[in-house]
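Worksheet for the structure shown next.
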Amino acid sequence: MDHRTIKKFWLLISMVFFFGSNEAVSQKFLLLQKGSNQKTRLKYEIGEVITYKSKTNDFFITDKITDIQNDILVLSENVLRPEDIVSIDIYDKDPRNRTLKNLSTLGMAGGFVFLLADGVNGLYQEGRPSIGQGTLVTSGIMIGTGFILSRIRYRYFDNKGRNKIQLIVLYGE
């Protein structure tokens, strides 16, 4: 076989592989959304771990999503309808929490660096470490603000009011 025949053979095989499959491709996910605001959407897909509280239990259960159907959420240990879920722990899932964590770290680190810089500057100028009162106030405000921001995080998504839990199943060709 010559070089052109081999290229044609591989082209034919790849076309059969990519275009010959008749399997339907689907996307299935659990969507958490507050009102109509698309920026607050959180998406859980098959294989992800979810921590939830149901109407039958007063405690949170952590389970893995194994399948999502039109009306039920199939977990490795349970089967739920969206109406049965009271609350979902979104502490690690919500991207806004990463932003708040970064801002709080930045504020606290900035306060400590400002204190350190003033102490080193006092050591250089006066021969002993000294920190000015203005530096203490400013650093204290920066560290305090960082600490407060570290405590403000989105923890739970409650299934009430404008909050919606939807099961989305999209089929494609």
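No value in this document is a laboratory result; all are computed from the given coordinates. Note that the structure is a prediction, hence the values are computed from the model and not measured. Positions of Cβ are generated from backbone atoms using ideal geometry, with glycine treated the same way; all protein chains shown enter the neighbour counts.
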* Given the C-alpha centroids of region 143-160 and region 33-112, what is the distance between them in whole angstrom? -> 15
* Cα-centre dipole for the chain with unit charges at Cβ (Lys and Arg positive, Asp and Glu negative), debye to 20 -> 480
* Asked: Want the number for Ala117 to Arg96: 0.36 nm per residue separation, take away the alpha-carbon distance, what's left?
  -> 4.4 nm
* Structure fact -> Length gained if Phe59 through Gln125 is fully extended, taking 0.36 nm per residue and subtracting the Cα-Cα distance, is 17.9 nm
* To do: Check each of the trypsin sites (Lys or Arg not before Pro) in region 34-82 and keep only those in coil by DSSP with at most 14 other C-beta atoms within 10 angstrom; list them in order.
  => Arg41, Lys55
* To do: Name the residue farthest towards the positive end of the dipole of the chain from the options Asn37, Thr62, Pro82, assuming +1 on Cβ of Lys and Arg, -1 on Cβ of Asp and Glu, about the Cα centre.
  => Asn37
* Asked: When the chain is modelled as a GNM with alpha-carbon springs shorter than 10 Å, which of Asp67, Asp89, Asp58 fluctuates the most?
  -> Asp58
* Derived scalar couplings ³J(HN,Hα) [region 35-43; Karplus, 6.51 cos²θ - 1.76 cosθ + 1.60; whole Hz; x for Gly, Pro] -> x, 9, 6, 6, 6, 9, 5, 10, 10
* To do: Could you tell me how many degrees, from 0 to 90 and to the nearest 10, lie between the Cα long axis of helix 133-151 and the main elongation axis, the longest principal axis, of the Cα atoms of the chain?
  => 30
* **Dipole magnitude of region 92-173, debye to nearest 20 (Cβ charges: Lys/Arg +1, Asp/Glu -1, about Cα centre)** => 460
* Asked: Which aspartates and glutamates have a Cα less than 18 Å from the Cα of Lys55, not counting those fewer than 8 places away in the same chain?
  -> Asp63, Asp71, Glu77, Glu83, Asp84, Asp89, Asp158
* Asked: How much length, in nm to one decimal, is gained on full extension between Leu103 and Asp71, taken as 0.36 nm per residue of separation minus their Cα-Cα distance?
  -> 7.6 nm
* Once the other residues with Cβ under 9 Å from the Cβ of Asp89 are scored (Lys, Arg +1; Asp, Glu -1), what is the net sum? -> +2
* Structure fact -> Filtering chymotrypsin sites (Phe, Trp or Tyr not before Pro) in region 50-79 by DSSP loop and by at most 11 other Cβ atoms within 10 Å leaves Phe59
* Asked: If you line up the long axis of helix 95-126 against the longest principal axis of the chain, both from Cα atoms, how many degrees apart are they, to the nearest 10?
  -> 30
